[in-house]
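Working notes, beginning with the structure itself.
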Amino acid sequence: MAEVKIPRATAKRLPLYYRYLNILHDGGKTRVSSTELADAIHVDSATIRRDFSYFGALGKRGYGYDVDNLLEFFKNILHQDRLTNLALVGVGNLGHALLNFNFHQDSNIRISAAFDVNPKNVNTIQGGVPIYPMDQMINQLRDQQISVAILTVPAKVAQDVADQVSEAGVKGILNFTSRRLDVPDDIRVHNVDLTNELQTLIYFIDHYDETTEE
Ligand SMILES: NC(=O)c1ccc[n+]([C@@H]2O[C@H](COP(=O)([O-])OP(=O)(O)OC[C@H]3O[C@@H](n4cnc5c(N)ncnc54)[C@H](O)[C@@H]3O)[C@@H](O)[C@H]2O)c1
């Protein structure tokens, strides 16, 4: 499939569409209108039509969207047609919670390896995931062809860990630490910050009438 350049806000909505289409599919529904989708996932229908238009005309006027076609389409674009193995580095409070969180049943992602320095953690299995010592990380990441790493280590070691996972060929890092990471240009870092999310939510509550969902 040709690469499509889409706005970041659209990209963030794709998993939402995908998840709901799966629910429709499981319920035996064969077509859906943008208005029905809008009601279900709380994104306005004009935004949905515009999002979908980035991928070409997928819907038909008066008919709506074919659920199976859309599902196949999003499956492909989200790489859900194949399993993506992730690594998690730092099995403390947060890392442990993530290991035990099994992601969405209908998503094709799973943590297949975890790494830590703590001898109490190393060589154990938590949430069904083996925890390896750090000196095995680069080899394991390469052998398992892991392209995404989740960083839940203390901030002070985050850059060093990022350097190592970059060296091992990882292409994306989900960074839970407060350290902003320097990585080569071909590696993408997404920072997750719950404080930030909550402050944004509180802002939206206070300014609800002045903001849009764009
Ligand atoms: N983004 C957020 O919203 C959010 C929320 C909570 C915590 N955090 C951050 O997530 C990180 C983890 O938090 P936590 O509460 O789980 O901490 P924690 O101390 O419980 O866990 C850290 C783990 O990292 C391991 N570790 C230490 N040095 C390491 C290294 N060099 N290589 C590999 N593993 C190493 C430790 O053995 C430990 O198991 C911290 O940076 C914290 O600030 C972020």
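Quick look at the numbers
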quantity	calculated
Conditions (1) at pLDDT 85 or above; (2) buried (at least 18 other Cβ atoms within 10 Å of the Cβ); (3) assigned to a loop (DSSP other than H, G, I, E, B); number of the one not met by residue 80	(1)
Residues of segment 126-141 that turn out to be within 19 Å of residue 160 (Cα to Cα) and not in a strand (DSSP E or B), as a count	8
Residue identified as without any contact (Cβ under 8 Å) to a residue 40 or more places away in the chain, under 19 Å from residue 169 (Cα atoms) and within 12 Å of the ligand (Cβ to nearest atom) among 133, 119	133
Of all residues making up segment 196-210, the number that are away from the ligand (no atom under 12 Å from the Cβ), hydrophobic (A, V, I, L, M, F, W, C) and either surrounded by 10 or more Cβ atoms within 10 Å (Cβ to Cβ) or closer than 22 Å to residue 11 by Cα (or both)	3
Test: residue in segment 149-160 that is over 21 Å from the mean Cα position of the chain (by Cα) and away from the ligand (no atom under 12 Å from the Cβ)	no
Residues satisfying the stated conditions in segment 181-195, i.e. over 17 Å from residue 8 (Cα atoms), more than 8 Å from the ligand (Cβ to nearest atom) and not aliphatic (A, V, I, L, M)	182, 184, 185, 186
Breaking point among (1) modelled with pLDDT under 95; (2) more than 20 Å from the chain's Cα centre (by Cα), for residue 144	(2)
Long-range neighbours under 7 Å by Cβ, at least six apart or interchain, first residue at positive phi within segment 181-200, second in a strand (DSSP E or B) and within 13 Å of the ligand (Cβ to nearest atom)	none
Segment 151-169, subset surrounded by fewer than 22 Cβ atoms within 10 Å (Cβ to Cβ) and of a type in the set (A, V, I, L, M), residue nearest to residue 187 (Cα to Cα)	168
Pair list, Cβ < 8 Å and 6+ apart or interchain, from segment 83-100 residues that are in contact (Cβ under 8 Å) with a residue 60 or more places away in the chain to residues that are assigned to a helix (DSSP H, G or I) and among the polar types (S, T, N, Q)	87/140
When residues of segment 170-180 are limited to those that are in a loop (DSSP other than H, G, I, E, B) and surrounded by 13 or more Cβ atoms within 10 Å (Cβ to Cβ), the one farthest from the ligand (Cβ to nearest atom)	171
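The values are calculated or read from the model by the stated rules, or taken from the named source; none is laboratory data. Fair warning: this is a prediction, and the values are worked out from it, not measured in the lab. Glycine gets a Cβ as well: all are built from the backbone with ideal geometry, and neighbour counts include every protein chain shown.
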